[in-house]
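Working notes, beginning with the structure itself.
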Amino acid sequence: MPGAIYAEGLVKTFGDVRALDGVDLDVPEGTVLGLLGPNGAGKTTTVRCLTTLLRPDSGKAVVAGIDVLKQPNEVRRSIGLSGQFAAVDEYLTGRENLHMVGQLYQMRSKQAKVRAVELLEQFHLTDAADRPAKTYSGGMRRRLDLAAALVVSPPVMFMDEPTTGLDPRNRQQLWEVIKDLVSGGTTLLLTTQYLEEADHLAHEIAVVDQGRVIARGTADQLKARTGGERVEVVVHEREHIETASEVLRGFGKGDTTVEQHTRKLTVPVTGGAKLLAEVIRELDTRGIEIDDIGLRRPTLDDVFLSLTGHHAEADDQENGTDEDAKGRKGKKDDKEAAK
Amino acid sequence: MSAVTDAVRTAAPGGSFGQSVRDSLVVAKRNLIRMTRIPEMILFGLIQPVMFVVLFTYVFGGSMQIGDTTNPDVYKNFLMAGIFAQTVTFATAGAGAGIADDMHKGLIDRFRSLPMARGAVLTGRTVADLVQTALTLLVLAMVALLVGWRPGSMEPTNFGKIMGGFGLLLLLGYAFTWIGALIGLSVRTPEAATSGGLIWLFPVTFLSNAFVDSSKMTPWLRHIADWNPFSATVQACRKLFGDPGLSTSGAWPMQHPVWASLIYSILIVVIFRTLAVRKYRSAAA
């Protein structure tokens, strides 16, 4: 039986660019799927197809048991959408926004009002309820946005980069809110450029690149793909790289990689902290001065790098903050994809 | 949780007519609230037509020939219907910019993800603009009376006819906001929608009988002016207001201006509403 969110072979082209090149997804009810990838990977386009905003050229999509292409309006009753592009009206107060969204979800005016009060309470916005959303901080606005997506307590939620551009404290807060939400049984599809976020919130992660899901699994499964832990050494003198490389070869379980300009050497190992101590002693014996040394467990960024051949972070820094500065631009991801 | 979901009315998918009306009113209310929060928009919308009334009346007033007179009082009474009509068409730019802004900020996507009637976002916007247009017209009519506009200066008229004239003006303005809606959905930025909504209005409103006696134009221009939908409403208003300077052209819209105005405006609504709603459904991507 297909899950609460199911997609098969989704294809979407913009001009001659294939933004989605056959995306398959299956999210079991009550779980969180993290859609991870850099800008332009096709994350937003996927969400837009699943939330009826965009019609895929081909493929199949079922959300909450309803065929997205055949009964889009039925799907709209069962989903909540929040994130970079589904915004709130900045000239309306928080209360007015939620009241309006409730009414447009076809609630009666009075019920929509009661629900707005509940949500404002739940998202700690009661004090700001009667101020235009324009005056809200970034974190408050995201909370309002999330509240708007929850007006009818939909069984399936989509969040497109919910924390992009938030400071760490606000991000933490929003994570707590999202965790509470999914503990209540909501199925959630979340897109993010933050590997940490996917690791933190998602039961399963699908890595997307160039319109395809290139890998999927739990965070641990994906990490295991890069071959476990590694020792990383930064030597002080460039001429010591050679000798250090020799030392590491002795301890390593694979090839040592060397970054000349940063004087950084990396080697996969097994043996943990005990082995690290031995490496340090050996380097010391050979008289190699080191600036930094550590045992690194693979992050999802490493996973990404090994899967795609490029870093996820680079894109994140270029576009993530830029995006926030410009405000939320709905078509951003699609435009990126169209380049 | 389920109590909330149960409270959702189980309307037919796609929506009944009742749902359309209800959703449109919700969106219209939202747009009207916005207008009260940005009062400078209403103010700027008023300054321009008032300026036109004053400038045209006093600068052009003495040198314009209407029929066979250059009496400034005649021109003043001739002019007002033209200014009123031009003012209501300028609502096009506001509607376009508003919708482009909603697209830009992601509000259109929010609306499109909700189980609401398809045309309601646009209808709500155009209805809110209609309210603003009515307010603008009210102020403008008072200014016109202040500078010396006297309905019935040429032909007798009555309150009903005058209201009928304003009704036609509102209908024209409403029709034009649907053109604005289509423009707003078709451009990339609100700025483009503002200029794109205005530029073509100048030829449309000037190649007409609004500010000059069109019988004095070169024949080919006169034909354009006679058949211009905009001219029909102006002529209809002059007729209903009892203002001077009715075109004596034999063209059908000039002979039956009230009908022509009604037909033109309704046609514009039907055509542009259809195009705009279709565009909306596939918008934003």
Filter result (within 9 Å of B:A120 (Cα to Cα) and hydroxyl-bearing (S, T, Y)) within the stretch B:21-41: B:S24
Scan of the stretch A:154-173 for residues that are outside any loop (DSSP other than H, G, I, E, B) and under 22 Å from A:R48 (Cα atoms), ordered by number: A:V156, A:M157, A:F158, A:M159, A:D160
Residue under evaluation A:R225, criteria (1) out of contact with any Pro (no Cβ under 6 Å at 6 or more places or on another chain); (2) over 30 Å from A:L189 (Cβ atoms), criterion not met: (2)
Filter pass, A:V156 being free of Cβ contacts under 8 Å to residues at least 60 places away in the same chain and either in contact with a Phe, Trp or Tyr (Cβ under 9 Å, 6 or more places away or on another chain) or more than 11 Å from chain B (Cβ to nearest Cβ) (or both): no
Single match in A:R141, A:R171 (criterion: within 13 Å of another protein chain (Cβ to nearest Cβ), farther than 22 Å from A:I5 by Cα, among the basic types (K, R) and crowded, with 19+ Cβ neighbours inside 10 Å): A:R141
Residue that is surrounded by the most Cβ atoms within 10 Å (Cβ to Cβ) [pool: residues in the stretch A:48-83 that are in a helix (DSSP H, G or I) and touching a residue at least 40 places away in the same chain (Cβ under 8 Å)]: A:R48
For A:V235: the one exception among (1) crowded, with 20+ Cβ neighbours inside 10 Å; (2) out of contact with any helix residue (DSSP H, G or I) (no Cβ under 7 Å at 6 or more places or on another chain): (2)
Residue check for A:G102: within 14 Å of another protein chain (Cβ to nearest Cβ) and either of a type in the set (S, T, Y) or crowded, with 24+ Cβ neighbours inside 10 Å (or both): yes
Residue count for the stretch A:178-207, restricted to those that are assigned to a helix (DSSP H, G or I) and buried (at least 18 other Cβ atoms within 10 Å of the Cβ): 8
Lone qualifier among A:A4, A:A86, A:A112, A:A41 - being at pLDDT 95 or above, buried (at least 21 other Cβ atoms within 10 Å of the Cβ) and either over 30 Å from B:P39 (Cα atoms) or of a type in the set (G, A, S) (or both): A:A112
Filter result for B:G148 (surrounded by fewer than 19 Cβ atoms within 10 Å (Cβ to Cβ) and either assigned to a loop (DSSP other than H, G, I, E, B) or charged (D, E, K, R) (or both)): yes
First in the stretch A:260-283 and modelled with pLDDT of 85 or more, second anywhere and hydroxyl-bearing (S, T, Y), Cβ under 8 Å, 6 or more apart: A:L265/A:S245; A:L265/A:T256; A:L265/A:T257; A:T266/A:T256; A:T266/A:T257; A:V267/A:T256; A:V267/A:T257
Residue ID - nearest to the chain's Cα centre (by Cα), chosen from residues in the stretch B:203-223 that are exposed (fewer than 15 other Cβ atoms within 10 Å of the Cβ) and at pLDDT 90 or above: B:P203
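The values are calculated or read from the model by the stated rules, or taken from the named source; none is laboratory data. Please read all numbers here as calculations on a predicted model, not as lab measurements. All Cβ positions, even for glycine, are placed from backbone atoms using ideal geometry, and neighbour counts span all protein chains on display.
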